[in-house]
Amino acid sequence: MKDRIILISGGTSGIGLAAARLFLSRGMKVALAGRSEAKGRAAISALDTRHAGEMFREKAKYIMADVSQPEGCERLVKDTIARFGRIDVLVNSAGVYFEQPAEDLTEEDYTRVMDVNLKGIMFLTKYALPYLKEAKGNIVNVSSDAGLRGNYLCSLYCASKGAVTLYTKSLAIELAPHGVRVNCVCPGDILTPMTESQLQAAISREEALQAMASVYPLQRIGTAEEAAAVIAFLASSAASFVTGAAWSVDGGLTA
Ligand code: NAD
């Protein structure tokens, strides 16, 4: 996969950033998309480590984009092509988490969650597809264990991630004749800024972390690197006969 171009939405933190680091360490180039210039700069400096005699920075580009807006998705693809000339892999990692009793959900909540978690994936895919078809590339979407089964107080997030899982499977069938594979990962709790903000909201972070970990057969939550490793595998030719998969990375939670 050396020299391949990877476009990662939500690439400036958490799972997306860990995937960027892994792709870079394997000689690929990455376009990291996010909404905050400051976070983008921080992400690029966080990747600024020497590897195999080359600076990561030269191979990573931050592109500002709000994926909840179709025009943001279109511009992101154009900017990636302008910088790198092709797209081999699209990783849709941008996402927002939300818990709320169903009765209290508002239309604004619906729009905010669905526009990032589902619409963003659909439109980024739409605009990247001509390039992915040309490259016979592939897509890895970041769904969730919540995209495979229900979670308490989480109906809107689960609905968005369930949609991501089935969007992935349907697209895999549609794109197979074009040689484009489409898969998703379904992580359980992974320690990233998203999970950290849930833990920080608890009275005791340590007790909340223990309670979270206790429901996992492996008795812990995962790391961004563990989720990224599966993303990189699915994106690689080692997974050349894998398409339409919803790959759990959840310490046995949904086993
Ligand atoms: P994170 O908050 O570090 O990463 C999500 C990224 O998406 C952030 O950088 C955020 O700025 C970006 N983003 C949000 N809205 C955006 C928009 N409109 N346009 C562009 N970027 C936007 O958290 P993470 O855990 O790395 O999350 C990555 C993905 O993994 C998400 O889709 C999340 O739903 C999924 N996931 C996370 C967990 C977990 O426990 N952390 C579990 C299952 C699934």
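A compact table of results
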quantity	calculated
Single residue of GLY244, GLY251 found to be at positive phi, at pLDDT 95 or above and buried (at least 17 other Cβ atoms within 10 Å of the Cβ)	GLY251
Among the residues listed as LYS29, LYS39, the single one being open to solvent by 50 Å² or more (accessible area, probe 1.4 Å) and either touching a strand residue (DSSP E or B) at 6+ places or on another chain (Cβ under 6 Å) or closer than 17 Å to TYR127 by Cβ (or both)	LYS29
Residue that is touching a residue at least 60 places away in the same chain (Cβ under 8 Å) and not hydrophobic (A, V, I, L, M, F, W, C), where the choices are PRO187, PRO177	PRO187
Among residues of the stretch 74-118, those that are within 30 Å of ALA201 (Cα to Cα) and open to solvent by 40 Å² or more (accessible area, probe 1.4 Å), counted	14
Options ASN141, ASN151, ASN183: the member that is assigned to a loop (DSSP other than H, G, I, E, B), under 22 Å from ALA94 (Cα atoms) and not small (Gly, Ala, Ser)	ASN151
Criterion (of a type in the set (Lys, Arg) and surrounded by 21 or more Cβ atoms within 10 Å (Cβ to Cβ)) met by exactly one of LYS133, LYS161, LYS169	LYS161
Residue list for the stretch 11-26, filter: open to solvent by 20 Å² or more (accessible area, probe 1.4 Å) and outside any helix (DSSP H, G or I)	SER13, ARG26
Some residue of the stretch 37-52 being at negative phi, within 14 Å of the ligand (Cβ to nearest atom) and touching a residue at least 40 places away in the same chain (Cβ under 8 Å)	no
GLU207 vs. criteria among the charged types (D, E, K, R) and surrounded by 14 or more Cβ atoms within 10 Å (Cβ to Cβ)	no
Complete set of residues in the stretch 215-229 that are hydrophobic (A, V, I, L, M, F, W, C) and open to solvent by 30 Å² or more (accessible area, probe 1.4 Å)	VAL215, LEU218, ALA229
In the stretch 230-241, the residues that are in contact with a strand residue (DSSP E or B) (Cβ under 8 Å, 6 or more places away or on another chain) and surrounded by fewer than 18 Cβ atoms within 10 Å (Cβ to Cβ)	SER240
Filter pass, ASP3 being away from the ligand (no atom under 13 Å from the Cβ) and free of Cβ contacts under 8 Å to residues at least 12 places away in the same chain	no
Positions within the stretch 77-119 being touching a helix residue (DSSP H, G or I) at 6+ places or on another chain (Cβ under 7 Å), assigned to a helix (DSSP H, G or I) and of a type in the set (A, V, I, L, M, F, W, C), in sequence order	VAL77, ILE81, ALA102, VAL113, MET114, LEU118
Residue within the stretch 190-201 that is away from the ligand (no atom under 15 Å from the Cβ), outside any strand (DSSP E or B), in contact (Cβ under 8 Å) with a residue 40 or more places away in the chain and over 16 Å from the mean Cα position of the chain (by Cα) present	no
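The values are calculated or read from the model by the stated rules, or taken from the named source; none is laboratory data. Keep in mind it's a predicted model, so treat the numbers as computed, not measured. Heads up, the Cβs are rebuilt from the backbone with ideal geometry, glycines too, and the neighbour counts pull from every protein chain shown. These accessible areas exclude ligands, DNA and RNA; they are computed on the full protein's heavy atoms, side chains included. Shrake-Rupley method; radii C 1.70, N 1.55, O 1.52, S 1.80 Å.
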